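Heads up, the thing below is written out as structure tokens.
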Amino acid sequence: MNTQQVANRLIELCRIGENMQAIKELYDDNIISKEMPEDPNPVVIGKDKVIKKSEDWFATVEEFHGSEISNPQVAENHFSCAMKLDCTFKGQGRMQIEELAVYHVNNGKITEEQFFYTTP
């Protein structure tokens, strides 16, 4: 798959709530995932660790109220999209989160992702 195809597939899966399937299908085994520096785990390397990080995050959610993801913007082997989440987190209450996600694609797989957002 080229970058546009990978981007389209990621967006398609995320829009139907299949985020874990997106990781399993589209991520390279040696994916580098970067969060904001103040995150407890700002850099995670490896598909299994990214899956675990995602499972841990989903476990903090008490209820999903809605989400949006923009169409991807592609530039050669990178793409970005804006994401909005409306969730109630266990012990933290309801929050609206907006973030920008930037992805790097190599040989048809996502090899790096980085998220930009303001932490509460």
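The values are calculated or read from the model by the stated rules, or taken from the named source; none is laboratory data. Remember, predicted model here, so these are calculated numbers, not experimental data. A quick note on method: Cβ atoms are made from the backbone with ideal geometry, for glycine too, and the neighbour counts reach across all protein chains shown.
The sole residue among F115, F79 that is among the aromatic types (F, W, Y), more than 11 Å from the chain's Cα centre (by Cα) and in a strand (DSSP E or B) is F79. Within segment 84-120, the set of residues being touching a strand residue (DSSP E or B) at 6+ places or on another chain (Cβ under 6 Å), free of Cβ contacts under 8 Å to residues at least 24 places away in the same chain and more than 20 Å from D29 (Cα to Cα) comprises K84, L85, D86, Q96, I97, E98, E99, L100.
The residue that is nearest to the chain's Cα centre (by Cα), among those in segment 67-76 that are part of a strand (DSSP E or B) and at pLDDT 95 or above, is I69.
Taking every residue in segment 28-42 that is within 19 Å of I110 (Cβ to Cβ) and basic (K, R) and pairing it with any residue that is buried (at least 16 other Cβ atoms within 10 Å of the Cβ) and at pLDDT 95 or above, at least 6 positions away or on another chain, the pairs with Cβ-Cβ distances below 6 Å are K34/Q114.
Residues that are part of a strand (DSSP E or B) and out of contact with any Leu (no Cβ under 8 Å at 6 or more places or on another chain) were ranked within segment 100-112; the one that is farthest from F64 (Cα to Cα) is N106. Among the residues making up segment 8-23, those that are exposed (fewer than 13 other Cβ atoms within 10 Å of the Cβ) and part of a helix (DSSP H, G or I) are E12, R15.
Per the conditions (1) touching a residue at least 24 places away in the same chain (Cβ under 8 Å); (2) exposed (fewer than 13 other Cβ atoms within 10 Å of the Cβ), the sole criterion not satisfied by F79 is (2).
Any chance segment 50-64 includes a residue that's touching a Gly at 6+ places or on another chain (Cβ under 7 Å), part of a helix (DSSP H, G or I) and closer than 15 Å to Y103 by Cα? No, segment 50-64 has no match at all.
Selection of segment 32-45 for residues being touching a strand residue (DSSP E or B) at 6+ places or on another chain (Cβ under 7 Å) and surrounded by fewer than 16 Cβ atoms within 10 Å (Cβ to Cβ) yields M36, P42, V43, I45.
Residues of segment 47-61 include none that is under 20 Å from E12 (Cβ atoms), surrounded by 15 or more Cβ atoms within 10 Å (Cβ to Cβ), in contact with a Pro (Cβ under 6 Å, 6 or more places away or on another chain) and at pLDDT 95 or above. When the residues of segment 66-76 are filtered to those that are under 30 Å from R94 (Cβ atoms) and touching a residue at least 12 places away in the same chain (Cβ under 8 Å), the one that is surrounded by the fewest Cβ atoms within 10 Å (Cβ to Cβ) is G66.
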